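Structure, as structure tokens:
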Amino acid sequence: MKTKLPLLSLIAAATLSACSSTDNALYFERTQLEQDISYLASDDLKGRKTFSAEIDVAADYIAQRFTSIGLQPMPGAEGFKQQFDLHSVTPKSVSVSLNNQAVKTESLAVVSQSDGFAWQQADELVITQISADADLREQLRKLNQQGGNHLVLVNKAHEELFTRYQNYFNNGLTKLELKDQGAMVLVLGYEGEVKDLDVKVVNEVKTQQLTNVIGILPGKKEDADVVLFSAHYDHLGESKKDQHGHQQEEGEEQDSIYNGANDNASGTGAMLNLAQHYARQGDNERTLMFAAFTAEEMGLIGSKHFATTQNPDAIAAMINIEMIGKPSPFGSGNLWMTGADKSDLQAVLNQSLPLENHIQANPYPKLNLFYRSDNASLAGMGVPAHSFSSTDMANNDHYHTPKDELANLDFESIYKSVTLLAMASEPLVSAKATPSRVAPLKDNAEGKIY
């Protein structure tokens, strides 16, 4: 799939379309919606991978669309860009000797948030033996919560789970803020008392900049709370492997770009056109905020940073749009939302909709989707923050593959979904309705070591 859509011509089209609405109820056009999604999901942007040059181009596009729509920057942001640092810590060199016996690298897993550490005294550490019948995951969770320096001797019966931790640590930690509160060294298959040790670990610490793109439409009501519309705009970039993980041969004509058309160019396009709709409608009582989050695919990084800059009590609701590029199992253009049991937002939205188009509760409860998208970053603080999707997750073969491209989107269904969200969110925007709050998560999820 080769799609060439020049940035400047698309921005010009957005400006022209602002003068040509043909529908009295809606203030965005399907053509503009398609252009936004098509540009973000084009091969030119190479899958919008975090830290790539192309994701910066996508951020520029979103910021320029905000300008053409007439939004205002968030106070303290550079233009529409909320920029912040992400730190990564990756093991560079590791040597461990226990009782004067060197431990092989394949039997080691190490993690800390420092640039390295050295241990020579066993009595200065906490040494934990993990027996064959112990719960390794739970034991490590407890040590992580405690912090401090830990040598963990893992029975070989846990080799499979140990390997998962080893791969996780070797791939490096990613943190918005580094806090050196201890380190952990896991040794697989070592038995017996440790009297002498020599541990030397050197880590590579790297700091890179990320960008959320935030626009604001001030409300008529002074000191009003905020309705937040959001979507993540990053995806997975390129890969030389096929969708089964096999290395592609040189010269193979296989698509290596993970375009992320459904995930989540569709949601970002919806967010942009809802911004256009409400800006042109021009009668919002509440202040509206529109956020394109980065690094969702890395663990909700962009929305986590954004959440630290906000007063959660000032956000009345969050509408997070995630993968609306495919027809819903409830019918074309219909939507389902995550966490319907955690606030009454579903009822608030459905009061403006005909019965046949009611937003449904998440039909895939076992997938734990409420905590897997950017809404979770705000919901954890008590905001009625939910994600809205149309995708049939039970039949979603294109998810995180190069097949998630424009040819496999249903633009008629997307247009209907955005129309539905514009209708459903009206009571929020007009301040006629306020949903109940979500119970905040307890502040104990973040470990001290990893």
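The values are calculated or read from the model by the stated rules, or taken from the named source; none is laboratory data. All values reported here derive from a predicted model rather than from experimental measurement. So basically every Cβ, Gly included, is an ideal-geometry build from the backbone, and we count neighbours across all protein chains shown.
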Residues (in contact with a helix residue (DSSP H, G or I) (Cβ under 6 Å, 6 or more places away or on another chain), farther than 14 Å from ASN264 by Cβ and either polar (S, T, N, Q) or surrounded by 22 or more Cβ atoms within 10 Å (Cβ to Cβ) (or both)) located in the range 377-414: SER377, LEU378, VAL383, PRO384, ALA385, HIS386
Taking the range 115-148 only, how many residues are within 33 Å of the chain's Cα centre (by Cα) and surrounded by 17 or more Cβ atoms within 10 Å (Cβ to Cβ)? 7
Being within 30 Å of LEU45 (Cβ to Cβ) and among the β-branched types (Val, Ile, Thr), is that true of even one residue in the range 183-206? yes
Would you mind telling me which numbered condition in (1) assigned by TED's automatic domain parsing to the domain that holds GLY299; (2) out of contact with any Leu (no Cβ under 7 Å at 6 or more places or on another chain); (3) over 24 Å from ALA317 (Cα atoms) MET393 fails? (2)
When you scan the range 160-173, do you find a residue that is under 27 Å from ILE301 (Cβ atoms), charged (D, E, K, R) and in contact with a Lys or Arg (Cβ under 9 Å, 6 or more places away or on another chain), even just one? no
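Could you please let me know if THR207 is more than 25 Å from VAL383 (Cβ to Cβ), without any contact (Cβ under 8 Å) to a residue 24 or more places away in the chain and not hydrophobic (A, V, I, L, M, F, W, C)?
Details: more than 25 Å from VAL383 (Cβ to Cβ): yes; without any contact (Cβ under 8 Å) to a residue 24 or more places away in the chain: no; not hydrophobic (A, V, I, L, M, F, W, C): yes.
When the stated conditions are applied, THR207 does not pass them.
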Considering only residues that are at pLDDT below 95 and assigned to a helix (DSSP H, G or I), look in the range 392-424 and name the one that is nearest to HIS277 (Cα to Cα). MET393
Can you find, within the range 32-49, the residue that is nearest to LEU217 (Cα to Cα) among those that are surrounded by 21 or more Cβ atoms within 10 Å (Cβ to Cβ) and hydroxyl-bearing (Ser, Thr, Tyr)? TYR39
Within the range 68-82, restricting to residues that are at pLDDT 95 or above and out of contact with any Leu (no Cβ under 6 Å at 6 or more places or on another chain), the one that is surrounded by the most Cβ atoms within 10 Å (Cβ to Cβ) is PHE80
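If you check PHE169 against the conditions, is it at pLDDT 95 or above, over 16 Å from ILE449 (Cα atoms), within 31 Å of the chain's Cα centre (by Cα) and surrounded by 14 or more Cβ atoms within 10 Å (Cβ to Cβ)? Give the steps one after another, and end with the answer.
Working: at pLDDT 95 or above: yes; over 16 Å from ILE449 (Cα atoms): no; within 31 Å of the chain's Cα centre (by Cα): yes; surrounded by 14 or more Cβ atoms within 10 Å (Cβ to Cβ): yes.
It is false that PHE169 is at pLDDT 95 or above, over 16 Å from ILE449 (Cα atoms), within 31 Å of the chain's Cα centre (by Cα) and surrounded by 14 or more Cβ atoms within 10 Å (Cβ to Cβ).
Answer yes if at least one residue in the range 362-374 is outside any loop (DSSP other than H, G, I, E, B), touching a residue at least 40 places away in the same chain (Cβ under 8 Å) and either farther than 30 Å from ALA224 by Cβ or not charged (D, E, K, R) (or both), and no otherwise. Reasoning before the result, please.
Within the range 362-374, the subset outside any loop (DSSP other than H, G, I, E, B) is 365-367, 369-371.
Filter once more, so that each one left must be touching a residue at least 40 places away in the same chain (Cβ under 8 Å): none.
Checked against the condition, which is being outside any loop (DSSP other than H, G, I, E, B), touching a residue at least 40 places away in the same chain (Cβ under 8 Å) and either farther than 30 Å from ALA224 by Cβ or not charged (D, E, K, R) (or both), the range 362-374 yields no hits at all.
Can you give me the number of residues within the range 112-128 that are among the aliphatic types (A, V, I, L, M) and assigned to a strand (DSSP E or B)? Step through it out loud before you land on a result.
So the first thing to find is which residues in the range 112-128 are among the aliphatic types (A, V, I, L, M), and the list is 118, 122, 125-127.
Adding the requirement that they be assigned to a strand (DSSP E or B) leaves 118, 126-127.
Of the residues in the range 112-128, 3 are among the aliphatic types (A, V, I, L, M) and assigned to a strand (DSSP E or B).
How about the range 92-111: which of its residues are assigned to a strand (DSSP E or B), under 15 Å from VAL187 (Cα atoms) and touching a residue at least 12 places away in the same chain (Cβ under 8 Å)?
First, the residues of the range 92-111 that are assigned to a strand (DSSP E or B): 92-98, 101-102, 108-111.
Cutting the leftovers down to under 15 Å from VAL187 (Cα atoms) gives us 94-98, 101-102, 108-111.
Within the range 92-111, VAL94, SER95, VAL96, SER97, LEU98, LEU108, ALA109, VAL110, VAL111 meet the criteria.
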Restrict the check to the range 225-245 and report whether at least one residue is crowded, with 17+ Cβ neighbours inside 10 Å, in the same structural domain as LYS304 (by TED's automatic domain parsing), modelled with pLDDT of 95 or more and polar (S, T, N, Q). yes
Just to verify a result, which residue in the range 30-48, among those that are among the hydroxyl-bearing types (Ser, Thr, Tyr) and part of a helix (DSSP H, G or I), is farthest from VAL418 (Cα to Cα)? TYR39
Could you say which residue among VAL418, VAL438, VAL383 is within 26 Å of LEU217 (Cα to Cα), of a type outside the set (Phe, Trp, Tyr), within 23 Å of the chain's Cα centre (by Cα) and not assigned by TED's automatic domain parsing to the domain that holds TYR364? VAL438
